[in-house]
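The values are calculated or read from the model by the stated rules, or taken from the named source; none is laboratory data. Just so we're clear, the structure is a prediction, and the values are computed from it rather than from any experiment. Please note: Cβ atoms are built from the backbone with ideal geometry, for glycine as well, and neighbour counts cover all protein chains shown.
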There are 2 protein chains.
Amino acid sequence: MKRAVVLLSGGLDSATTLALARSQGHACHALSVHYGQRHAAELDAARAVATQLGAVEHRVVTLDMGQFGGSALTDPRIAVPEAAVEGVPVTYVPARNTVMLALALGWAEVLEAGALFIGVNAVDYSGYPDCRPEFISAFQRLADVATRRALEGRRLRIEAPLMHMSKAQIIRLGTELGVDYALTVSCYQADAQGRACGRCDACRFRRQGFLDAGLPDVTRYMVGISN
Amino acid sequence: MKRAVVLLSGGLDSATTLALARSQGHACHALSVHYGQRHAAELDAARAVATQLGAVEHRVVTLDMGQFGGSALTDPRIAVPEAAVEGVPVTYVPARNTVMLALALGWAEVLEAGALFIGVNAVDYSGYPDCRPEFISAFQRLADVATRRALEGRRLRIEAPLMHMSKAQIIRLGTELGVDYALTVSCYQADAQGRACGRCDACRFRRQGFLDAGLPDVTRYMVGISN
C-alpha cells in the first residue's frame with residue numbers, strides 16, 4: 001500500500017482530503033501541527049477524524065509560532081473578524097502552511113511516502129497567500145530539490161486536491177466518502193468543546209457550503225446559534 | 001536600520017553569517033531552532049554568539065522533529081560517523097533547513113524584515129541536499145509567493161552569503177569581523193559543555209578550515225584531543 005502524509009487540522013477541508021487520499025488507496029499518516037492556535041479544539045477534532053477515517057497513525061508536532069505574533073489565530077489580543085474584510089484578514093498566520101508543509105516533508109521522507117496531501121482551497125477561502133495554486137507549485141519545486149530522496153530521483157508529489165473546488169463540492173465529496181463532519185471543527189474561535197461561533201470567515205464559508213450542497217449542517221454551534 | 005532575521009545554530013558558519021549581516025548594517029533578529037538535536041550545547045553557543053555579535057534579540061523555537069526519526073542527529077541509537085562516507089550521511093535531518101527557513105519566514109514577515117540570512121555552504125560540507133544553491137533558489141521562489149507581504153510586492157531576500165566559500169575563507173572573514181569562534185560549537189556530538197569530538201564531519205571540516213586559514217584552532221575539544 002502506498003504511503004501518504006496528510007496534513008490534518010481537524011477542519012472540514014483536511015478531513016475531506018484525508019478521506020480522498022484513503023479512497024485512492026493510500027496508507028495515510030496524519031499530521032497535525034499545534035502552532036499556538038487559539039482554536040485548540042481543532043486538535044481534538046483531528047484526533048477523532050484520524051480515527052474515523054482510518055489513518056494508520058496520527059502525530060502532533062507542537063511548536064510555539066505564537067511567540068512571533070502577527071495573527072488573530074495565535075494572539076488573543078487581536079479579535080477574529082466577524083464580517084468579510086478587504087485583503088488578507090488578520091486571521092492569516094505568517095508562513096503557517098509553509099511551516100506545516102516543511103514538517104510534513106520531513107516526515108514523508110522518513111516514511112518514504114510518495115505523496116503529501118494538504119487541504120488548501122482557493123475558491124471559498126479567506127484569501128490567504130499560502131492557499132493559492134502558485135504557492136503549492138512553488139512548494140513542489142522546493143520539495144523536488146530539498147531532500148535526500150529527491151537527490152535520488154524519488155519524487156514526493158504535493159497533492160492539493162480541493163484547490164479548485166467550491167465548499168459545497170467539497171462537502172458533497174466528503175459526504176460520499178463517509179466523512180462525519182460533526183467531528184470536524186472549522187471555527188477560528190471555537191470554544192473548548194469545539195462549538196462554533198457561526199460568525200467568523202471559516203464559519204460563514206462552512207454554513208454556506210452546507211446550504212449550497214443541500215445537506216444538513218451538522219456543525220455544533222455555541223448557544224444561541226441555530227443550524 | 002533595516003531588519004534581518006538570521007538563522008543561528010551556534011556553529012561556525014551561522015556565527016560568521018550573523019557577523020556579516022551586522023557588518024552590512026542590518027538590525028539582526030537571531031533565530032535558533034531546537035528540533036531535537038542531540039548536540040543541544042549548540043543552543044547555549046547560539047545564545048552566547050547572539051550576545052557577542054550584537055543581535056537585537058535571540059529567539060528559540062522548540063519542536064519535536066526527533067519523533068520522526070531518520071537522522072543520527074536526533075536519534076541517539078544511530079551513531080554519528082567518524083569518517084567520510086559516500087553520499088548523504090546519516091547526520092542529514094530530513095527537511096531540517098526547509099523547516100528552519102519556514103519558521104524564519106514567518107518571523108521575518110511579522111518583523112517586516114527585508115532579508116533572511118542562512119549560513120549554508122556547499123563547499124566544505126556534508127553533502128546535504130538542503131545546503132545547495134538550487135535549494136536556496138527554490139526557497140526564494142517559494143517566499144516570493146508564500147506571504148501577505150509578498151502579495152503586496154514586498155520581497156524578502158533569502159541570503160546565503162557563505163554558499164560558495166571554503167571553510168578557510170569563512171574563518172578568515174569571521175575573524176576579520178570579530179567573531180569569537182571559541183564560543184561556537186560545530187560538533188555533531190558535542191558534550192554538554194560544548195566540547196567537540198574532533199572526529200565527525202563537522203569537526204573535520206572545521207579543523208581543516210583553521211589549518212588552511214593559518215589561524216589557531218580555538219575549538220574546545222574533549223579530553224585526549226589536542227588542538
statement: Note on segment B:154-171: residues among the β-branched types (Val, Ile, Thr) and either farther than 16 Å from B:Val5 by Cα or without any contact (Cβ under 8 Å) to a residue 24 or more places away in the chain (or both) are B:Ile170, B:Ile171
- request: State yes or no: is B:Arg96 touching a residue at least 40 places away in the same chain (Cβ under 8 Å) and not polar (S, T, N, Q)?
  value: yes
- line: Taking segment B:70-118 and the residues there that are among the charged types (D, E, K, R) and surrounded by fewer than 24 Cβ atoms within 10 Å (Cβ to Cβ), the one that is nearest to the other protein chains (Cβ to nearest Cβ) would be B:Arg96
- request: Select from segment A:52-69 the residues that are surrounded by fewer than 21 Cβ atoms within 10 Å (Cβ to Cβ) and outside any strand (DSSP E or B) and write down the one among them that is farthest from the other protein chains (Cβ to nearest Cβ).
  value: A:Gln52
Yes/no for B:Leu177 being more than 9 Å from every other protein chain (Cβ to nearest Cβ) and either crowded, with 19+ Cβ neighbours inside 10 Å or not hydrophobic (A, V, I, L, M, F, W, C) (or both): no
task: Give the residues of segment B:131-161 that are at the interface with chain A (Cβ under 9 Å from one of its Cβ atoms) and either closer than 21 Å to B:Thr16 by Cβ or in contact with a strand residue (DSSP E or B) (Cβ under 7 Å, 6 or more places away or on another chain) (or both), sorted by residue number.
output: B:Arg132, B:Phe135, B:Phe139, B:Ala143
message: Cβ-Cβ under 7 Å, sequence separation 6+ or interchain: first residue in segment A:138-153 and closer than 12 Å to B:Arg141 by Cβ, partner assigned to a helix (DSSP H, G or I) and among the hydroxyl-bearing types (Ser, Thr, Tyr). Which pairs?
response: A:Leu142/B:Thr98
message: For the structure I just gave you, tell me whether B:Val218 is touching a Ser or Thr at 6+ places or on another chain (Cβ under 8 Å), modelled with pLDDT of 95 or more, hydrophobic (A, V, I, L, M, F, W, C) and in a loop (DSSP other than H, G, I, E, B).
response: no
